[in-house]
Amino acid sequence: MHAAQALLTLRPEATRLILYLHDGVPTDEPAAMVSATVATVRRQGTLVVGVYVGPQEHLGRLEGIFGAADTLAVARLRTLPQALGRVLQRAAATRRRGR
C-alpha cells in the first residue's frame, strides 16, 4: 500500500483511490499494522476501500481493518461493479461537501 500511495502522490488528479482486495486475515503483518497503514494513507488524502468477495461470515475482520463505512463486501463477484459504484458515489458526495 505504501508503494501505491507513493505512486499516487505523483499524479495530478485530485481524487486518489486504492482498492485493497483482502480476505481480512493479513499474512505479512498484524491486522493492527495494516489498519495503521490504511489510516496513514487516508490522512495523505487517498480514499482506501477494503474489498472482499466471498462468504460474509468473516466480514467483521475486514471491517476491523478498513472500517465498516470503507469496506466493500459482496458475496458474488458479479455484484461488485454495482457495489463499487455506490462507494464511489458516496466518496464523490463527501468530497463535494468538504469543499
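Summary of values
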read-out: Filter result (within 17 Å of GLY45 (Cβ to Cβ) and among the small types (Gly, Ala, Ser)) within segment 80-92; value: ALA91, ALA92
read-out: Tally, over segment 42-80, of residues that are closer than 24 Å to THR9 by Cβ, in a helix (DSSP H, G or I) and β-branched (Val, Ile, Thr); value: 1
read-out: Pairs, first more than 17 Å from THR40 (Cβ to Cβ) in segment 61-74, second among the hydroxyl-bearing types (Ser, Thr, Tyr), C-beta under 6 Å, six or more apart; value: LEU62/TYR52; LEU62/THR71; GLU63/THR71; ALA73/TYR52
read-out: Residue match in segment 77-98 (condition: touching a residue at least 40 places away in the same chain (Cβ under 8 Å) and of a type in the set (S, T, N, Q)); value: no
read-out: Unique residue being outside any helix (DSSP H, G or I), surrounded by fewer than 16 Cβ atoms within 10 Å (Cβ to Cβ) and small (Gly, Ala, Ser) when the list is ALA39, ALA6, ALA14; value: ALA14
read-out: Candidate set: segment 33-69, residues that are under 16 Å from ASP23 (Cβ atoms) and of a type in the set (D, E, K, R); chosen: the one modelled with the lowest pLDDT; value: GLU57
read-out: Residues within segment 20-33 that are assigned to a loop (DSSP other than H, G, I, E, B) and in contact (Cβ under 8 Å) with a residue 24 or more places away in the chain, tallied; value: 5
read-out: Pair list, Cβ under 7 Å, 6 or more apart: segment 34-57 residue closer than 15 Å to ALA4 by Cβ, other residue acidic (Asp, Glu) and part of a helix (DSSP H, G or I); value: VAL48/ASP70; VAL49/ASP70; GLY50/ASP70
read-out: Condition check for MET33: among the hydrophobic types (A, V, I, L, M, F, W, C) and in contact with a helix residue (DSSP H, G or I) (Cβ under 6 Å, 6 or more places away or on another chain); value: no
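The values are calculated or read from the model by the stated rules, or taken from the named source; none is laboratory data. None of the values given here were measured: they were computed from a predicted structure. FYI the Cβ positions are ideal-geometry reconstructions off the backbone, even for glycines, and counts take in every protein chain you see.
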